[in-house]
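One structure below.
Every read-out reported here was derived from the displayed coordinates using simple, explicitly stated rules and does not represent laboratory data. Model, not experiment: these values are computed from the prediction. Here Cβ is always computed from backbone atoms with ideal geometry, including for glycine, and neighbour counts include all displayed protein chains.
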Amino acid sequence: MNRKALPGAVCALGLLLAVTAAARRSADASAEVQAAYPRAESLYIDLHRHPELSFHETATAAKLATELRQLGYDVTTGVGRTGIVGVLKNGVGPTVMLRTELDALPVTENTGLPFASTVRVKDDAGLEVGVMHACGHDVHMAAWMGTARIMAGARGQWRGTLVLIGQPAEEVVSGAKAMIADGLLTRFPRPDFALAVHDDSRLPAGVVGYHAGPILTNADAVTIRIFGRGGHGARPDATVDPIVIAARTVLALQTIVSREISPFDPAVITVGSIHGGTKNNIIPDEVLLQLTVRSFTDPVRQHLLSAIDRIAKAEAAAAAAPREPLIERGPPTQALVNDSALTRRVAAVLVRELGPARAKDTPPEMASEDFAEFQLAGIPTLMLRVGAVEQAKYDAAMKSGATLPSLHSSQFAPDREPTIKSAMLAEVLALRELMPAGRGAGKP
């Protein structure tokens, strides 16, 4: 035997065994996902048909809690009003939290699906609205429950404590805070890591996206009430017209991002709502503007908010308004920053198991969400993106330049099977990476 060749042969054999083991793990997980999918799909269709608004997710929470109990999880309901927590302890190891959201949006569905939502309710303001899972939280819940089933049924492949949370009111960025305030991180095992997935209308179904660092923005809701002096539309000279002031303000606000913020610092100021007046020949006393303001860093955030105040007051003063505008800010949402070390660790597994064509580094976007609250509580967090667009529709849109329905659209309908399966597979692979069985796998 050539002893000099022995180390190289051993190394090659070790590499071969590692590659073979990785392929087997991926195949095993894919088979488990395939087996769990039919029940996940049934749950998805049920949840899609019966959406509930933020902090009203009682039936949704009850369905998930019942299934978790049947799988052997220790379940607590009513956390943060309508949230649920399921805990499954499986020996000594890390504690990992996997979150899903429960709530839907006040959107009337227009997808044409045979299981489309026809739910109509009165919202918290007393207005009748349609309700739809237009953000894909039904996808998240179905995948989350499928993952819960796989993890409970294959305890020999992991060690530690799995904490599953069904979080209410993500759409009004209040649910994470409510659950934390209700003792989520003290009454239950404190996570070493927190994971979540979110479907993505920018990616084809089957693709899993990751990105280290900031991926979602700070968000601030700003309300500007502009005061004038109303009167007859035929006598504008006897009035101070708040509609004109509002129009000037809206246009001037656009110069903040384009002329005051570096092109290398992403920022958005959108006036999403303007209300004023009751009749064509009446100049009103006031106009209300509602804004959303997005940024990734605190210096940019403070500049945007300060500039909004400055411009709104200046436009009112220029028009001789009887008083300064009233400017109010809602509770802020913090930027979501994926922990770099955690992202690299999970991304390596995803790329190895799914291949680089399916596991990709995806760019940040200007949306926001309250999963950042767990990061602010000191828990390393990672949110993965899961493509939701049917491949043929995605390819056609890329070729033609057409715009596909985005999240929050009344026409958004994910390609459910590959989307749910990809979410489940990404969750299972990530959880098993973070809670490895190690030696003695399968022993009690």
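Listing for the model above:
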| quantity | calculated |
| --- | --- |
| Tilt relative to the chain, helix 416-434 - C-alpha long axis, 0 to 90 degrees, to 10 | 60 |
| Nearest 10 degrees, 0 to 90: helix 137-153 Cα axis against the chain principal axis | 20 |
| In degrees, nearest ten, helix 242-260 long axis to first principal axis of the chain (Cα) | 40 |
| In order through the stretch 42-52: 3J(HN,Hα) via Karplus (6.51 cos²θ - 1.76 cosθ + 1.60), integer Hz, x for Gly, Pro | 4, 5, 4, 5, 4, 5, 5, 5, 10, x, 9 |
| Pairwise centroid distance, computed over Cα atoms, of the stretch 74-113 with the stretch 328-379, Å | 18 |
| Label-point separation, residue 302 to residue 124 (7 Å along Cα→Cβ), nm | 3.0 |
| Calculated on alpha-carbon atoms, Rg and Dmax of the stretch 218-329 in Å | 14.9, 48 |
| Cα→Cβ-extended label distance, 7 Å offset, between residue 392 and residue 376, nm | 4.5 |
| Where only alpha carbons of the chain are counted, the Rg and the Dmax (Å) | 25.3, 106 |
| Full-stretch length increase - residue 235, residue 361 - with 0.36 nm per residue and alpha-carbon distance subtracted | 39.4 nm |
| Contact order normalised by residue count of the stretch 218-329, Cα under 8 Å, 6+ apart, percent | 43 |
| Linear extension gain, residue 89 paired with residue 290, 0.36 nm per residue minus alpha-carbon span | 67.7 nm |
| Helix-derived mean residue ellipticity, 222 nm - over the chain, DSSP H n ≥ 4, -39500 (n - 2.57), to 500 | -13000 deg cm²/dmol |
| 12 Å cut-off, amide nitrogen to a point 7 angstrom out along residue 264 Cα→Cβ, residues in the stretch 335-364 | none |
| Listed peptides 305-312, 81-88 by packing density, highest first (mean Cβ within 10 Å) | 81-88, 305-312 |
| DSSP loop chymotrypsin sites (Phe, Trp or Tyr not before Pro) with at most 15 other Cβ within 10 Å: longest gap in the chain | 265-444 |
| Segment residue 313-residue 348, extension gain: residue separation times 0.36 nm, minus the distance between their alpha carbons | 7.5 nm |
| Gyration tensor verdict on the stretch 172-219 (Cα atoms; rounded if a/c is under 1.5, prolate if a/b is larger than b/c, oblate otherwise) | prolate |
| Simple spin-label estimate for residue 39 and residue 187 in nanometres, 7 Å along Cα-Cβ | 2.6 |
| Gaussian network model of the chain, Cα within-10 Å springs - most flexible of 363, 38, 114 | 114 |
| Antiparallel bridges, percent of DSSP beta bridges restricted to the chain (to nearest 5) | 70 |
